[in-house]
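First comes the structure, then the notes that go with it.
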Amino acid sequence: MFKFNPKEDKFHKMFLEAARNVNEGAVALRVSLDSLSNKEFEVNKIEELEHKGDRLVNDVVKELNEAFITPIDREDIYALIKKMDDILDLINSTMHRFVMYDIMESTDESKLLADMIVECTKHILELMNGLISVGNKAKRIKETIISIHKIESEADCLFRKTVAELFKNETNAIEVIKWKEIYQILENTIDKCEKVANTVEGVVIKNA
């Protein structure tokens with residue numbers, strides 16, 4: 001099993017910072033859905049987090065270019081930081097849809113999907129913490145990955161049911177277009193969380 005040594009710890013610190021950043025964005029999105037009257041403020045807040053995520057990706061690329069040896073494969077380091085940034089990009093896109101479409105009230109289903117995103121990002125933070133010493137935390141990492149897979153499966157079911165009911169019950173075509181897009185982005189965000197979990201799983205297997 002690999003272990004980050006002090007010199008290589010810079011990558012782990014950046015993983016943790018990125019994971020905290022993503023979780024903060026997920027929480028901000030979920031909070032905003034309870035009161036969309038302040039959505040412009042929340043957009044600005046999430047955009048700042050998204051810009052921070054972009055900077056972290058750039059920092060990791062710079063460190064990879066300068067590092068002679070890395071604790072895990074270079075492509076895995078890049079994949080992890082980039083996929084976490086992808087999650088934040090989608091959170092940002094979701095928040096922008098509420099502003100663009102001037103939506104003043106969210107739905108229970110959007111809140112449920114946002115709750116799932118928050119839970120997934122909490123698990124991602126746990127995974128990044130676990131990477132510091134996989135040998136001691138392999139079982140916990142596996143359990144966390146399974147939890148993310150379970151949430152993703154539940155989100156798929158909720159998405160299909162919600163969109164089916166939207167087309168069945170909503171008579172305003174514009175509203176159908178708006179909400180289908182929002183639900184799709186929320187569901188895609190959870191898919192991205194699962195991709196982070198899959199990458200971590202691959203890292204653990206390769207370094208077993």
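What follows is calculated from the coordinates using simple rules that are stated; it is not laboratory data. Since we're looking at a predicted model, the values are computed, not measured. As a convention, Cβ positions derive from the backbone with ideal geometry for all residues, glycine included, and neighbour counts pool all protein chains shown.
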For peptides 146-157, 111-122, sequence by mean Cβ density within 10 Å, most packed first: 111-122, 146-157
Per-residue HN-Hα couplings for the range 42-53 [Karplus 6.51, -1.76, 1.60; θ = phi - 60°; Hz; x = Gly/Pro]: 5, 4, 4, 5, 5, 4, 4, 5, 5, 5, 4, x
The range 9-206: relative contact order as a whole-number percent, Cα under 8 Å and 6+ apart: 31
Pairs from Lys111/Lys161; Lys161/Lys192; Lys142/Lys178 whose Cα-Cα separation, in the structure shown, is over 26 Å: Lys142/Lys178
Percentage relative contact order, the range 100-208, counting C-alpha pairs under 8 Å, at least six apart: 40
Packing-based ranking, highest mean first, of 184-193, 171-180 given that Cβ atoms within 10 Å are counted: 184-193, 171-180
Gyration tensor over alpha-carbon atoms, the range 9-206, equivalent ellipsoid semi-axes in Å: 32, 19, 12
